[in-house]
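Below: one structure, written as structure tokens.
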DNA sequence: GTCCATGCAAACTGTTTGCACGCGC
DNA sequence: GCGCGTGCAAACAGTTTGCATGGAC
């Protein structure tokens with residue numbers, strides 16, 4: 001965790017960016033909160049450390065980190081973006097349409113797809129987002145009235 | 001095309017919804033524009049037919065069609081949602097980071113992933129979005145300076 | 001000392017909603 | 001005729017930006 005924050009500060013310095021207290025807090029919140037925080041949640045978390053950080057700074061910092069490729073934002077169905085650190089290898093998201101839970105998973109098949117695209121269409125894939133939505137095991141079980149689709 | 005519009009009108013009636021001139025125009029625009037229109041583009045297209053349609057109606061109609069499963073909206077990186085008719089089987093998107101072109105493709109591997117999720121996690125997948133971004137063959141060729149990621 | 005980063009508040013964008021009227025059924 | 005669908009304009013949420021101050025380097 002602390003190591004992650006250190007690496008990110010390093011990356012900032014290496015890009016000629018400054019490491020301010022606010023940025024440090026944001027990095028800490030990102031590393032601890034870990035997964036799928038939206039800007040508002042990140043804001044709350046940062047303010048829990050120190051109330052002297054503005055929402056604008058959250059957005060500006062997220063912008064910088066995203067440009068540097070340290071962080072990635074997704075629209076997982078909801079209306080606002082959720083951000084996560086891109087330290088670990090690629091992974092994908094499932095979100096439950098009923099309880100909203102987000103589950104990360106990995107799969108080797110996406111790699112297959114990327115290879116196909118390269119070999120058959122000359123496409124150079126840089127990033128891949130796979131977002132599956134439906135009903136998680138618990139919700140699928142407790143709600144048999146999942147038939148408002150027909 | 002006209003057939004598609006007919007089918008969608010049918011579906012509306014079947015759901016007890018009314019078929020108004022505005023909705024007819026929106027369906028037409030969706031069927032002709034075909035792929036990946038955002039609300040504003042759809043609005044423009046509809047107004048080209050008849051200027052007496054409001055943006056609110058566009059959104060409300062898209063909402064209805066989405067609920068009925070006739071249309072689907074995606075966030076393809078940009079800030080606003082892009083909509084498309086879900087007539088054909090599932091397909092996935094590639095978007096070029098340089099020229100912005102969107103390419104649809106199909107792949108059998110996603111089905112594999114969905115099956116894995118069901119068998120190993122009890123997840124009932126309802127819809128899947130795969131969005132790959134990178135550089136299309138043309139842009140990959142013409143731009144060897146694709147190294148602002150390092 | 002130089003500039004980048006910040007806070008604040010106002011602006012902006014995409015989308016939603018309240019209300020009174022009109023038209024499909 | 002009943003009630004859903006519409007236009008209009010205002011409201012809204014999330015995000016961005018202009019400007020003056022302050023702090024990292």
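Here A:50, B:116 are placed in order of increasing Cβ neighbour count within 10 Å, fewest first, which gives A:50, B:116.
Compute the angle between helix A:2-14 and the longest alpha-carbon principal axis of chain A, please, reported from 0 to 90 degrees and rounded to the nearest 10. The helix A:2-14 is inclined about 70 degrees to chain A. Its relative contact order, with pairs defined as Cα atoms under 8 Å and 6+ residues apart, puts chain A at 16 percent. Take residue A:116, push a point 7 Å out from Cα through the beta-carbon direction, and compare it with the same point in every other copy: 1.4 nm, smallest first. Here is how the number arises for the protein assembly as shown: DSSP H runs of 4 or more residues each give -39500 (n - 2.57), the sum is divided by the residue count, and the result at 222 nm is -14000 deg cm²/dmol.
Computed over the Cα atoms of the protein assembly as shown, pair by distinct pair, the Kirkwood hydrodynamic radius stands at 21.6 angstrom. Fewest neighbouring Cβ atoms within 10 Å first, the residues A:86, A:114 line up as A:86, A:114. Helix A:39-49 axis versus longest C-alpha principal axis of chain A: approximately 40°, rounded to the nearest ten. Here the spin labels are modelled as points 7 Å beyond Cα on the Cα-Cβ line, and at residue B:51 and residue B:126 they lie 4.1 nm apart.
Label-to-label distance, residue A:17 versus residue A:119, with points set 7 angstrom from Cα along the beta-carbon direction: 3.8 nm. The angle between the Cα long axis of helix B:21-33 and the main principal axis of chain B comes to about 30°, on a 0 to 90 degree scale. Shape analysis of the stretch A:1-72 places it in the rounded category; the axes a ≥ b ≥ c from the Cα gyration tensor give an a/c below 1.5.
With label points set 7 Å from Cα along Cα→Cβ, the inter-copy distances at residue A:41 are 3.1 nm, sorted shortest first.
Just checking the listed ones, A:130, A:70, A:25: in the Gaussian network model of chain A with Cα springs under 10 Å, the one fluctuating most is A:130. Summed over all non-identical Cα pairs, the Kirkwood treatment of chain A gives a radius of 17.5 Å. Annotation: extensible slack from residue B:9 through residue B:78 equals 21.8 nm (criterion: 0.36 nm per residue apart, minus Cα-Cα distance).
Roughly speaking, what is the stretch gain from residue A:98 to residue A:40, that is 0.36 nm per residue apart minus the C-alpha to C-alpha distance, in nm to one decimal? Write out the running numbers ahead of the final one.
On the way: separation 58, 0.36 × 58 = 20.88 nm, distance 2.19 nm.
The span from residue A:98 to residue A:40 would gain 18.7 nm if fully extended.
Springs join every pair of Cα atoms under 10 Å in this Gaussian network model of chain A, and among A:104, A:119, A:32 the largest mean-square fluctuation is at A:119. GNM on chain A, alpha-carbon springs under 10 angstrom: the most fluctuating residue among A:54, A:81, A:95 is A:54.
All of the numbers you see were taken from the coordinates with simple rules; none came from a lab. Bear in mind that the values here come from a model prediction, so they are computed numbers and not experimental data. Cβ atoms come from the backbone with ideal geometry, glycine included; neighbour counts cover every protein chain shown.
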